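A.B. asks: My questions all concern the structure below.
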Amino acid sequence: MSAHLDLDESVPGVADDGVWLTCIECGERFAPFDAIRYTCDDCDGLLEVRYADLPTWDDFGGASTPESGPYGVWRYSDALPFESGVSLPEGGTPLHHVPRLEDETGVATLRVKHEGMNPTGSFKDRGMTVGVRVAQAVGVDRLACASTGNTSAALAAYGARAGLETLVLLPAGKVAEGKVAQASLHGARILEVDGNFDRCLDIVQDLAARGEVYLLNSLNPFRLEGQKTIGLEIMERFRADEGTYPDRIVLPVGNAGNTAALYKCFRELRRAGAIDADEVPKLTGVQAEGSAPMVEAIENGTDGIRRWEDVETRATAIRIGNPVNAPKALPGIRETGGTAVAVSDEAITDAQRALAAEGVGVEPASAASLAGLRKLRAEGRVDPDEDVVCLTTGHLLKDPQAAYEAGSDPEPVPADTDAVLDHLAE
Ligand code: F0G
């Protein structure tokens, strides 16, 4: 683990209201809002938001405004760089019981945290409410991201709400229909790039470096601050319902931003004394077989990842060959005793059907979490006595085509009751 991922900074060099940025590679510190930077000025390492004071459970529950509501991201404002932000509102998503899947997978407890229930239908809204607030603080007029779809939908909606221009770069022909429709209607300018997501991100980083746009991909450390509230909600709710914290959280991995955000959540809870070392859930990442550089790095025990130039999977949201947050996420998986696993597209579709059969409608990438848990149980790598949370990251309606293909076909019938009964009796 990088020496600087342990949050152990007793004397902040640069502080602004107790918040600053630290480079996870060289430890250099920066004031958070005096200039726009996404990586370290000195070594180009990833930056992380740090706080002089870290809250514990009793501190939460503030920021209950008519817009943000009693539950959701801003309930945890004591763990965030601002008190409130442009809110639609986001967070406060359900932690479903799934009794049949709990039986089938044979774990002690299985709950599904359905992030598809956010305002634009994915967990990206949590990052955007904070990211757009920071954009307002640093004073920019054009927001941009590269996206496999969900980030662009969230950015378009939050940018629109904030009255800011938004630009999204999408890999042509590889983004699910619902997501493009959202970005379009919320008024983003959509550029379809003749290349994959990783190329889109290269370009948007160049545009940001030239001062043309404010970058709101998960390379932006403030996005991950919003996303870490997924971890806070899971921990609080699970303990309230089950009397303990979950042993393991299983999640789909693309750019590995969410994995990094959850790990940061747990480190901050540890440092605040809110949880013990043995209460940190094992972070377990799942990728599609055709797009699995993080799994490769975990299996080979390497510090970095090898960029996959050719990636393919039906789970287009996680069709990513160069996860930029790997330096934050790999230590998260390793330090928590978790693992990473690759699953086939067929297993993803099966899991999507199984979740739908419990009433939980998710897009393919989201179903990777359950597919991963099933595989790890079959291989004996997850124990039967474990309490597990699977994270489902996006809503079924994001990718209507995938849903049609996984579901059953409509049956044409005449407009006549007897004919309908005859058809049903066939
Ligand atoms: N699940 C869904 C539905 C996603 O949209 C994404 C990422 C992930 C999982 C992976 O999360 O990148 O934090 O590891 N989607 C991004 C996008 C890349 O552009 O919408 P991650």
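A.B. asks: Place +1 on the Cβ of every Lys and Arg and -1 on the Cβ of every Asp and Glu in the chain, take the dipole about the Cα centre, and give the residue among Ile249, Pro119, Val213 whose Cα lies farthest towards its positive end.
C.D. replies: Val213
A.B. asks: Then there is this: Packing-wise, with mean Cβ within 10 Å as the measure, how do 93-99, 123-129 rank, highest first? Could the numbers behind the result be given before it?
C.D. replies: Numbers: 93-99: 16.9, 123-129: 31.9.
Ranked from most to least packed, the peptides come out as 123-129, 93-99.
A.B. asks: To continue, here is another question. Hey, could you grab the Kirkwood Rh for segment 25-174? Inverse mean 1/r over distinct alpha carbon pairs, Å, one decimal.
C.D. replies: Roughly 17.6 Å, rounded to one decimal.
A.B. asks: Short version: ³J(HN,Hα) in whole Hz for each residue of segment 78-91, in order, from phi by Karplus 6.51 cos²θ - 1.76 cosθ + 1.60 (θ = phi - 60°), x for Gly and Pro, what are they?
C.D. replies: 5, 9, 10, x, 9, 6, 7, x, 5, 10, 10, x, 10, x
A.B. asks: Sorting Leu46, Leu397 on the 10 Å Cβ count, fewest up front, what's the list? Before the final figure, lay out the partial values.
C.D. replies: Working: Leu46 23, Leu397 17.
Lowest to highest Cβ neighbour count: Leu397, Leu46.
A.B. asks: On C-alpha positions alone, give me the angle between the axis of helix 326-335 and the longest principal axis of the chain, in degrees, nearest 10.
C.D. replies: It works out to around 80 degrees.
A.B. asks: Given only helices, namely DSSP H runs of n ≥ 4 each adding -39500 (n - 2.57), what is the per-residue ellipticity at 222 nm of the chain, to the nearest 500 deg cm²/dmol? Intermediate results must be reported in sequence, preceding the final value.
C.D. replies: Working: 14 runs with 154 residues, N = 426.
Per the formula, -11000 deg cm²/dmol.
A.B. asks: Please work out the C-alpha center-to-center distance from segment 94-118 to segment 237-311 and express it in whole Å.
C.D. replies: Each part reduced to its Cα centre gives a spacing of 18 Å.
A.B. asks: In cubic angstrom, how much convex hull volume per residue do the alpha carbon atoms of the chain span? Don't skip to the end; give the middle numbers.
C.D. replies: Numbers: hull volume 65.8 nm³, N = 426.
Roughly 155 Å³ of hull volume per residue.
A.B. asks: With θ set to phi - 60° and the Karplus curve 6.51 cos²θ - 1.76 cosθ + 1.60, what are the ³J(HN,Hα) couplings of segment 34-41 in order, to the nearest whole Hz, using x for Gly and Pro?
C.D. replies: Result, ordered by residue: 7, 8, 8, 8, 10, 9, 5, 4 Hz.
A.B. asks: Starting from the Cα gyration tensor of segment 124-219, multiply each eigenvalue by 5, take the square root, and state the resulting semi-axes largest first in whole Å.
C.D. replies: On the way: eigenvalues 71, 47, 22 Å².
Computed over segment 124-219, the values are 19, 15, 10 Å.
A.B. asks: If the elastic network links every pair of Cα atoms under 10 Å, which of His395, His114, His186 fluctuates the most in the Gaussian network model of the chain?
C.D. replies: His186
A.B. asks: Which ordering of Tyr158, Tyr51, Tyr404 is given by a fewest-first count of other beta-carbon atoms within 10 Å?
C.D. replies: Values: Tyr158 31, Tyr51 22, Tyr404 11.
Least to most surrounded, the residues fall as Tyr404, Tyr51, Tyr158.
A.B. asks: For the pair Ala31 and Glu346, what calculated FRET efficiency results from E = 1/(1 + (r/R0)^6), where r is the Cβ-Cβ distance and R0 = 51 Å, to the nearest 0.05? Write down the numbers at each step before the final one.
C.D. replies: Numbers: r = 50 Å, r/R0 = 0.98.
With R0 = 51 Å, the Cβ-Cβ based efficiency is 0.55.
A.B. asks: Which of Ile305, Ile318 comes first, and how do the rest follow, when ranked by fewest Cβ neighbours within 10 Å? Let's see the in-between values first.
C.D. replies: Numbers: Ile305 23, Ile318 26.
With the sparsest Cβ surroundings first, the list reads Ile305, Ile318.
A.B. asks: Pull up the cross-link candidates among the lysines for Lys179, meaning alpha carbon to alpha carbon under 16 Å and not fewer than 8 places away within one chain.
C.D. replies: Lys124, Lys398
Computed from the coordinates by the stated procedures, all read-outs in this text should not be read as laboratory data. Quick caveat: nothing in here was measured; it's all calculated off a predicted structure. Counting neighbours? That spans all protein chains shown, and the Cβs are built from the backbone with ideal geometry, glycine included.
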